[in-house]
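Asks: What follows is a structure written as structure tokens; I'll ask about it next.
The values are calculated or read from the model by the stated rules, or taken from the named source; none is laboratory data. Because the structure is a prediction, the values reported are computed rather than measured. Cβ sites come from the backbone with ideal geometry, for glycine too, and all protein chains shown count toward neighbours. Side chains are part of the model used for accessible areas, which takes the heavy atoms of the whole protein and leaves out ligands, DNA and RNA. Shrake-Rupley method; radii C 1.70, N 1.55, O 1.52, S 1.80 Å.
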Amino acid sequence: MAFDQTERPSIAARLDAELRHAHPVTVLESAVESFGDKLALVSSFGAESAVLLHMISKIRPNLPVLFLDTGMLFGQTLDYRKNLAAKLGLTDVRDLRPAYNDLAVGDPNAKLWQTDTDACCNLRKVLPLDRALVDFDAWITGRKRFHGGDRLSLPVVEQADGQVKFNPLANWAKAELDAYMSEHDLPAHPLVAQGFPSIGCWPCTKPVEEGEDVRAGRWAGQEKTECGIHVARAPGAITNVGGDI
Ligand code: SF4
């Protein structure tokens, strides 16, 4: 099912009003029903990703799952992505990698993260995802309000950059995620047991101390709290670093 881009803000507002107190499975079913093959799920295969991936595997196992393989991920994440996708029977997990020309021009030594994390995230996450999302009208994220920061006011359905975004787990707390993992016997990301409650690229992720915020280990010591894929951009703002893609 495809919606004209001008219809999407009103569709997002209507769905958010309908679904703001709904169970995550109900939100996912509504997303699939509303957007059909124009819907994708974006997953980091991180600390809490198994919950949403398990839910969608029961609803539509061939839904496109977009995984940002930045080239800077922990080896444990790559193993977890492979094993979890196989275990859940997800048949269309797509590995999105940075464009060769973007790396050659913008980060030829793979050290951009040392000097400009925003530029590095743009090249390794934002641009690959923007390019992949051109094929979709709506996408599903795993964000939750309890992660704090800008996520404290997260709606269940929103409109951003001309697309509809579903946040089925927005209302869920850590206890509900843990209970779901346990009830369905889902394997944890191996780094969770080593003190990583939120897992991104290895240069920019640290374990956290007891009582610290879930995302305190992400870009620790910097003001940066988000990689940029959830920051609204101007329409048609997809640009590439290399300039020839
Ligand atoms: Fe680069 Fe760090 Fe962003 Fe990963 S999280 S893309 S290494 S700045």
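Asks: Considering only C-alpha atoms, what is the centroid distance from segment 34-53 to segment 7-23, in Å?
Replies: 18 Å
Asks: What does the helix-only formula give at 222 nm for the chain: each DSSP H stretch with n ≥ 4 adding -39500 (n - 2.57), the total divided by the residues, and the result rounded to the nearest 500 deg cm²/dmol?
Replies: -9500 deg cm²/dmol
Asks: Quick one: which of 125/224; 38/144; 144/174; 82/165 span more than 19 angstrom between C-alpha atoms?
Replies: Those over the limit are 38/144; 82/165.
Asks: Computed on alpha carbon atoms, what radius of gyration and Dmax characterise segment 54-107, expressed in Å?
Replies: For segment 54-107, the Cα-based Rg and Dmax read 13.5, 42 Å.
Asks: If I take R0 = 22 Å and measure r between the Cβ atoms of residue 160 and residue 188 in this structure, what FRET efficiency does the formula 1/(1 + (r/R0)^6) give, to the nearest 0.05? Please list the in-between numbers first.
Replies: Numbers: r = 30 Å, r/R0 = 1.37.
With a Förster radius of 22 Å, E is 0.15.
Asks: Leaving ligands, DNA and RNA out of it, work out the accessible area of residue 14 with a 1.4 Å probe and give it in Å² to the nearest 10.
Replies: Approximately 120 Å² for this residue.
Asks: To continue, here is another question. In what order, largest first, do 81, 94 sit by accessible area if the probe radius is 1.4 Å? Could you put the intermediate results ahead of the total?
Replies: Working: 81 40, 94 90 Å².
Ranked list, largest accessible area first: 94, 81.
Asks: How much length would be gained if the chain were fully extended between residue 105 and residue 26, taking 0.36 nm per residue of separation minus their Cα-Cα distance, in nm to one decimal?
Replies: Working: separation 79, 0.36 × 79 = 28.44 nm, distance 4.43 nm.
Here the segment from residue 105 to residue 26 would lengthen by 24.0 nm.
Asks: State the Kirkwood hydrodynamic radius of the chain in Å, one decimal place, computed from all pairs of distinct Cα atoms.
Replies: 18.5 Å
Asks: How much area per residue is accessible in the chain when the probe is 1.4 Å and only protein heavy atoms are counted (Å²)?
Replies: Numbers: 11640 Å² over 245 residues.
Roughly 48 Å² per residue, with all protein chains present.
Asks: Then there is this: Sticking with the crude label model, points 7 Å out along Cα→Cβ, report the distance from residue 114 to residue 178 in nm, one decimal please.
Replies: Distance between the two pseudo-spin positions: 3.9 nm.
Asks: Just to confirm my numbers, what's the Cα centroid distance between segment 162-217 and segment 55-87 in Å?
Replies: Their Cα centres are 15 Å away from one another.
Asks: Something else: Along the charge dipole of the chain, which of 90, 169, 10 sits closest to the positive end, that is, farthest toward it, with unit charges on the beta carbon of Lys, Arg, Asp and Glu (+1, +1, -1, -1)?
Replies: 90
Asks: Enumerate cysteines in the chain without a disulfide-compatible partner, where compatibility requires another Cys Cβ under 4.7 angstrom.
Replies: 120, 201, 204, each lacking another Cys Cβ under 4.7 Å.
Asks: Could you work out how much longer the chain between residue 37 and residue 82 gets when fully extended? Use 0.36 nm per residue separation minus the Cα distance between them, nm to one decimal.
Replies: 13.9 nm
Asks: Moving on. Which of rounded, prolate, oblate describes segment 116-220, given a ≥ b ≥ c as roots of the alpha-carbon gyration tensor eigenvalues and a/c under 1.5 marking rounded, otherwise prolate only if a/b is larger than b/c?
Replies: Cα axes put segment 116-220 in the oblate bin.
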